[in-house]
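Rule-based calculations on the coordinates, nothing more; no lab input. Please read these numbers as outputs of a predicted model, since none were measured by experiment. Here the Cβ positions follow ideal geometry from the backbone for every residue, glycine too, while neighbour counts run over all protein chains shown.
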């Protein structure tokens, strides 16, 4: 597998966490972070073939649009995926508090796992209420045969006692599990993927999420970088 390591991408996630946990992240800050991520991707030379080199020989699942983008744990990481979806041209319906009633006309779901006490507080929901919301959403998606891709981009910052119950719910309900390096050093997500026999995509860094989006949504129209 090609190594997409670059200091810019590692820095951007740390910067993103710093901005988001200390207050509302501004559009300017988010644009700077996304520019750094996409610049890092260009420097690494994009290659979806390399990204999936360690995956099964079968072609990656192709997801249809529009897609529902929502959180599992109310961490600010979902905002990073929102920005990357914009870069990839994915037609998203951003609903951080999505419920089973949010699935009208939805063809796929992007679920961003990882918890934040500040995010839960801002949403005025406790951990139990958030867990119940996501479980009902996933049950409705399964009934409607709507595929789910789970992203965990928060590395070890979104692991532990608060985040792992949400991570497990997301991984248990996803058709594809995508994890950035540092978020699965103990094999937490890989074990779930193996036991459920679902696709597991490791990323060297957060920048890899854009490559995954391009692979899963080939009909999306990527934004022109300025």
Pseudo-spin-label distance residue 65 to residue 156, built 7 Å along Cα→Cβ, given in nm, is 3.7 nm
Can you pull the three principal axis extents for the Cα set of the stretch 94-226, in Å, largest first?
38, 37, 37
How large is the Rg to Rh ratio of the stretch 150-226 when both quantities use alpha carbon positions and Rh follows Kirkwood?
1.01
For the stretch 125-170, report the convex hull volume of the alpha-carbon atoms normalised per residue, in Å³, without decimals.
72 Å³
Quickly rank 145-152, 201-208 as a protection proxy: mean count of other C-beta atoms within 10 Å, highest first.
201-208, 145-152
In nanometres, what is the gap between the two model label sites at residue 139 and residue 101, each 7 Å from Cα along Cα-to-Cβ?
1.7 nm
Ordering of 184-197, 61-74, 98-111, 81-94 by packing [mean C-beta count within 10 Å, highest first]:
61-74, 81-94, 98-111, 184-197
